[in-house]
Amino acid sequence: MNWKRAFWMLAAVNAAVLMAIAVWLFQPSPPVKQPARLDVKGATFTVYSKKAHLNAVINDYLVKKMKGHPLQYRVWLADRVYVSSEIPILGRPVELFVSFVPKVVKGGNVELTEPTISLGDWKLPVTYVLRYLQKHAPLPDEVIIDPDQSRVYVALEDIRFGNGYQVAANKIDLSADEIVFTLTIPTEHSR
């Protein structure tokens with residue numbers, strides 16, 4: 001086989017792979033549904049936290065939710081909310097790095113906005129990567145990716161921790177390291 005023929009075969013394979021990736025990225029995303037609100041009645045407490053403490057709680061929760069899934073990821077709070085994972089591309093792991101600005105919204109939930117996304121050293125189009133994550137990331141039901149609005153919605157009101165505990169965000173100021181939540185602990189008489 002001469003080198004010209006081998007070159008054109010390799011170019012054709014590369015073009016086919018790029019076309020397949022483009023078709024896959026441009027598929028429409030499923031409609032975004034908001035979860036039903038589950039009210040918890042009981043004793044409420046205001047909890048003041050720091051980024052380091054919340055990082056430990058978030059990642060402990062994610063480890064339990066993602067157990068056994070091949071796509072693992074890590075979340076941490078710094079000046080923004082950061083998420084990283086490794087995605088296999090052409091047989092090699094490549095780091096996917098996403099960051100967001102958190103804001104407290106209705107019901108004590110959190111909306112992650114202003115995303116920046118990179119794959120390895122490449123900056124990527126936000127909408128397409130969010131579609132990928134929406135389809136393939138092992139997200140808890142309480143985390144809703146909305147690629148069309150370039151945001152991620154975290155329905156804290158629907159997350160139940162041990163013994164039915166519920167949290168609602170009151171304030172998230174990452175630059176001042178101030179995170180304030182309301183913790184509701186169900187009581188016997190309120191169930």
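All of the numbers you see were taken from the coordinates with simple rules; none came from a lab. Here the structure is a predicted model, which means the values were calculated and not measured. Glycine gets a Cβ as well: all are built from the backbone with ideal geometry, and neighbour counts include every protein chain shown.
Partners of Lys67 within straight-line reach, counting aspartates and glutamates whose Cα lies under 18 Å from its Cα and excluding those fewer than 8 residues away in the same chain: Glu86, Asp141, Glu142. Students often get this wrong, so check it: of Lys41/Lys135; Lys123/Lys171; Lys51/Lys123; Lys65/Lys123; Lys106/Lys135; Lys51/Lys103, which have C-alpha atoms separated by over 24 Å? The answer is Lys41/Lys135; Lys123/Lys171; Lys51/Lys123; Lys65/Lys123; Lys106/Lys135. Based on the convex hull around the alpha carbon atoms, segment 68-141 presents an average projected area of 6.0 nm².
Using the Cβ of Leu174 as centre and a radius below 10 Å, the other residues enclosed give a net charge of -2, where K and R count +1 and D and E count -1. Taking K and R as +1 and D and E as -1, what net charge do the other residues with C-beta under 12 Å from the C-beta of Val129 add up to? Here the charged neighbours net out to +3. Contact order, relative form, for segment 81-163: 23 percent (alpha carbon pairs under 8 Å, 6 or more residues apart, mean separation divided by residue count).
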